[in-house]
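Input: a single structure, listed below in structure tokens.
Throughout, read-outs are computed from the coordinates displayed, never taken from laboratory work. Fair warning: this is a prediction, and the values are worked out from it, not measured in the lab. Backbone-built Cβ (ideal geometry, glycine too); neighbour counts: all protein chains shown.
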Amino acid sequence: MEFAGYWATGDVAVTDSADTPVSLYRRPGSCLLAVVNTAKRDRAVAMELDLDSLGLAPPVTLTDLLTGEALAEDTNLIRMPVSRRNFRLVNAKREQH
């Protein structure tokens, strides 16, 4: 398993605000993304993923790890709410056929 802190994710996982950094844990076929909202207000976060750099070839499913909510499928752009001073854990997983 490989860890990349928010200071080292580069263009692999990019959000639309400096208030929402992303750290990740990566292993073959899956990636756990920790999206943190450091702002004092709730945010609608847009996060762009470089699936190739993450080693995730389609089909890929993106879900909230804590709630099981499906966030996206076969896309590199996710939009999701993140409460103020809170986080979301996004599981990105390559589907096996």
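Evaluated at q = 0.18, 0.19, 0.26, 0.29 Å⁻¹, a Debye calculation over the C-alpha positions of the stretch 15-62 (equal weights, vacuum) places log10 I(q)/I(0) at -0.61, -0.67, -1.01, -1.14.
Put simply, the amide H of Leu71, placed in the peptide plane, has neighbours under 5 Å in Leu62, Thr63, Asp64, leaving out anything fewer than 5 places away on its chain. Sparsely packed loop sites in the stretch 8-97 (the GluC sites (Glu not before Pro) outside DSSP H, G, I, E and B with at most 16 other Cβ atoms within 10 Å) comprise Glu69, Glu95. Under 5 Å between amide hydrogens, built in the peptide plane, is the criterion, and for Val45 it picks out Met80, Val82 among residues at least 5 positions away or on other chains.
Taking the stretch 68-97 and a reference point 7 angstrom along Cα→Cβ of Val14, the backbone N atoms nearer than 15 Å belong to 76-78. On the principal axes of its alpha-carbon atoms, the stretch 2-94 has extents of 35, 27, 19 Å, going from largest to smallest.
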